[in-house]
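Worksheet for the structure shown next.
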Amino acid sequence: MLTVLAPAKINLTLEVLAERQDGFHEIRSVMQAVDLCDSLRFQSGQDIEFKPDAPGWVAGESLVSRAVALLKESTGCAEGAVIGLTKRIPLVSGLGGDTSDAVAILRGLNQLWGLGLSPRELAGLASKLGSDGAFFLHGGTALVEGRGEVATPLPPLPRMWTVIMMPPLPRMQKKTGQLYASLRRGHYTDGQITARLVESLKSGREFTSSLLFNTFENVAFNYFPELSVYQEHIIKAGASDVHLAGSGPALFTLMRDRLQAEEIYIRLQQQGLEVYLAGTLDGIGPGDA
């Protein structure tokens, strides 16, 4: 059996530069993979069969089905597979779980079926699955540009710990598109915030939370008024700053001290909140088997 891990991501920065002529938005972001992972298990089969452990997860509503179709269309492969899925990344959270799962499908089936697709060929397919697709082929720390399809690996972030909270809010489909539509011209930036973080990572300067930025925080707290309540919960549990994960509604705090992160995690868990403790990842291997 082949096992492939699909990690979540957080955006250390997320800037929107402009609206593009193709209807997407030009972004500049530093993304960071963390070891909160879904797990996909691959075995040979006659047809494509998914065996998820997550209530509410439907393959036909996920990018994983699109990933299988893309791979078959591009290679002409007619093989089947039985794919088990253990879901840990919360659905519709801003943590990139669905795209990460879809890219894991590409990586896993490329191995299972012996397709021999190159990293460049896989990247071409991954870019069609979602704006984060290229990032999840490499993981670690990366500069993401364009509409998200251009990912450039960066020197890894020093090992840090993140406490991630998923507020008990309704899961909203097409949430990201609605938040993009809520942005106004004054929320657009020129990419210099991300450039400063990139330069800091490349020069080896000490990482500080003052480098973090997410333009969706300008609109998400209006879109989800309850977010500010849960942000305050995390601060009262001991965090110095709290940020939105992607388009949310997941919130996170990032710190160097694992013990401090564990204390915050335990305090929030004792309040009955959905909370996760994860460390940063340096990269994603070709199989993670």
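The values are calculated or read from the model by the stated rules, or taken from the named source; none is laboratory data. All values derive from a computational prediction rather than experimental measurement. Note that we place each Cβ from the backbone using ideal geometry, even for glycine, and neighbour counts take in every protein chain shown.
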State whether one or more residues within segment 7-26 are in a strand (DSSP E or B), among the basic types (Lys, Arg) and out of contact with any helix residue (DSSP H, G or I) (no Cβ under 6 Å at 6 or more places or on another chain). yes
For segment 175-196, give me each residue that is of a type in the set (Lys, Arg) and under 22 Å from residue 230 (Cβ atoms). 175
With the checklist (1) surrounded by 14 or more Cβ atoms within 10 Å (Cβ to Cβ); (2) under 21 Å from residue 107 (Cα atoms) in hand, flag the one item residue 47 doesn't pass. (1)
Among the basic types (Lys, Arg), touching an Asp or Glu at 6+ places or on another chain (Cβ under 9 Å), exposed (fewer than 15 other Cβ atoms within 10 Å of the Cβ) and under 19 Å from residue 9 (Cβ atoms) - does that describe any residue in segment 159-176? yes
Just a yes or no: is a residue in segment 127-144 out of contact with any Lys or Arg (no Cβ under 9 Å at 6 or more places or on another chain), in a loop (DSSP other than H, G, I, E, B) and within 20 Å of residue 3 (Cβ to Cβ)? yes
Output the residues belonging to segment 207-228 that are in contact (Cβ under 8 Å) with a residue 40 or more places away in the chain and either assigned by TED's automatic domain parsing to the domain that holds residue 16 or farther than 14 Å from residue 10 by Cβ (or both). 215, 219, 220, 222, 223, 224, 226, 227
Taking the options 39, 29, 62, name whichever one is at pLDDT below 95, within 20 Å of residue 93 (Cβ to Cβ) and surrounded by 15 or more Cβ atoms within 10 Å (Cβ to Cβ). 62
Members of segment 211-237 that are surrounded by 12 or more Cβ atoms within 10 Å (Cβ to Cβ) and among the aliphatic types (A, V, I, L, M): 211, 212, 219, 220, 227, 234, 235, 237
Which condition number does residue 194 fail, the rest of (1) within 29 Å of residue 60 (Cβ to Cβ); (2) in the same structural domain as residue 260 (by TED's automatic domain parsing); (3) of a type in the set (Val, Ile, Thr) being met? (1)
Of the conditions (1) crowded, with 16+ Cβ neighbours inside 10 Å; (2) farther than 29 Å from residue 217 by Cα; (3) not acidic (Asp, Glu), residue 9 fails just one. Which one is it? (2)
Since residue 132 meets every condition but one in (1) of a type in the set (D, E, K, R); (2) farther than 30 Å from residue 117 by Cβ; (3) in contact with a Gly (Cβ under 7 Å, 6 or more places away or on another chain), which condition does it not meet? (2)
Enumeration of residues in segment 236-266 that are touching a Gly at 6+ places or on another chain (Cβ under 7 Å) and among the charged types (D, E, K, R): 263
Scan segment 201-222 and give yes if some residue there is assigned to a strand (DSSP E or B), within 28 Å of residue 140 (Cβ to Cβ) and of a type in the set (S, T, N, Q), otherwise no. yes
Looking only at segment 194-210, filter to residues that are in contact with a helix residue (DSSP H, G or I) (Cβ under 8 Å, 6 or more places away or on another chain) and either of a type in the set (Val, Ile, Thr) or modelled with pLDDT of 90 or more (or both); which one of those is surrounded by the most Cβ atoms within 10 Å (Cβ to Cβ)? 197
Listed by first then second residue, the pairs whose first member lies in segment 50-66 and is without any contact (Cβ under 8 Å) to a residue 24 or more places away in the chain, whose partner is assigned to a loop (DSSP other than H, G, I, E, B), with beta carbons under 9 Å and at least 6 positions apart or on separate chains, are 61/173
When you scan segment 40-71, how many residues do you find that are in contact with a Lys or Arg (Cβ under 7 Å, 6 or more places away or on another chain) and farther than 16 Å from residue 130 by Cβ? 4
